[in-house]
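*Asks:* Have a look at this one before I ask anything.
The values are calculated or read from the model by the stated rules, or taken from the named source; none is laboratory data. No experiment lies behind these values; they were computed from the predicted model shown. Backbone-built Cβ (ideal geometry, glycine too); neighbour counts: all protein chains shown. Just so you know, the surface numbers come from the protein's heavy atoms only, side chains and all, with ligands and any DNA or RNA stripped out. Shrake-Rupley method; radii C 1.70, N 1.55, O 1.52, S 1.80 Å.
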Amino acid sequence: MQFTIQPLTRNEVPALLELIRELARFERLEHEVEATVESLTESLFGPQPVAGALLARSGGDAAGYALYFFTFSSFIGRRGLWLDDVYVRPACRERGLGHALIKAVAQIGLEQNCGRFEWTALNWNTNALDFYRRLGAHQLNDWVLLRMNAQGLRRLASSTTPVSLNS
């Protein structure tokens, strides 16, 4: 099976959203998908794009994708690269496509002089965790991922009461 990996085009955003939904179903997180064709188009192709995406195709059909964005680390004093998603459709797995997608994103990081390449994986996805270890990634057990949804962000930003460290 032959694959091509190219930067996503504006016309391919609906295919990307379909793949995002497939990944969310696999991760048991479909209820969290709020992305739309419009929001993805704005985020990837608007006046100030905030992320990039690569689309893998096999025989003209979408086979997988990688979505990434740049971060910054005060410790290393330069950009980092965050892999937000990497997904390969089940029929296309075990053929090196996941590795090729991650490698393509790593090449972008190298071209941009990034000092880090980071991502998360679900703790129950042992196949992915084993794969990432074989790539040379290290699990950061001392760190805890923290998150606020949009409602929490609005609440915090509009709060007039200082937060105490003791509460």
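*Asks:* Checking residue 58 against (1) within 17 Å of the chain's Cα centre (by Cα); (2) in contact (Cβ under 8 Å) with a residue 40 or more places away in the chain; (3) surrounded by 13 or more Cβ atoms within 10 Å (Cβ to Cβ), which single condition isn't satisfied?
*Replies:* It fails just one condition, (1).
*Asks:* Would you mention how many residues in segment 1-25 are closer than 28 Å to residue 124 by Cβ, free of Cβ contacts under 8 Å to residues at least 12 places away in the same chain and open to solvent by 30 Å² or more (accessible area, probe 1.4 Å)?
*Replies:* Of the residues in segment 1-25, 1 are closer than 28 Å to residue 124 by Cβ, free of Cβ contacts under 8 Å to residues at least 12 places away in the same chain and open to solvent by 30 Å² or more (accessible area, probe 1.4 Å).
*Asks:* Among (1) over 21 Å from residue 23 (Cα atoms); (2) exposed (fewer than 11 other Cβ atoms within 10 Å of the Cβ); (3) within 16 Å of the chain's Cα centre (by Cα), which single condition is residue 137 missing?
*Replies:* Looking at each condition in turn, residue 137 falls short on (2).
*Asks:* Given (1) open to solvent by 40 Å² or more (accessible area, probe 1.4 Å); (2) outside any strand (DSSP E or B), identify the lone condition not met by residue 102.
*Replies:* (1)
*Asks:* Out of everything in segment 70-99 that is open to solvent by less than 80 Å² (accessible area, probe 1.4 Å) and among the charged types (D, E, K, R), what residue ends up being farthest from the chain's Cα centre (by Cα)?
*Replies:* Taking the candidates together, the pick is 89.
*Asks:* Follow-up. Kindly establish whether residue 109 is open to solvent by less than 50 Å² (accessible area, probe 1.4 Å), of a type outside the set (Lys, Arg) and not in a strand (DSSP E or B).
*Replies:* Criteria met by residue 109.
*Asks:* Of the residues 18, 94, 38, 22, only one is at pLDDT below 95 and not in a strand (DSSP E or B); which?
*Replies:* That would be 94, the only listed residue that is at pLDDT below 95 and not in a strand (DSSP E or B).
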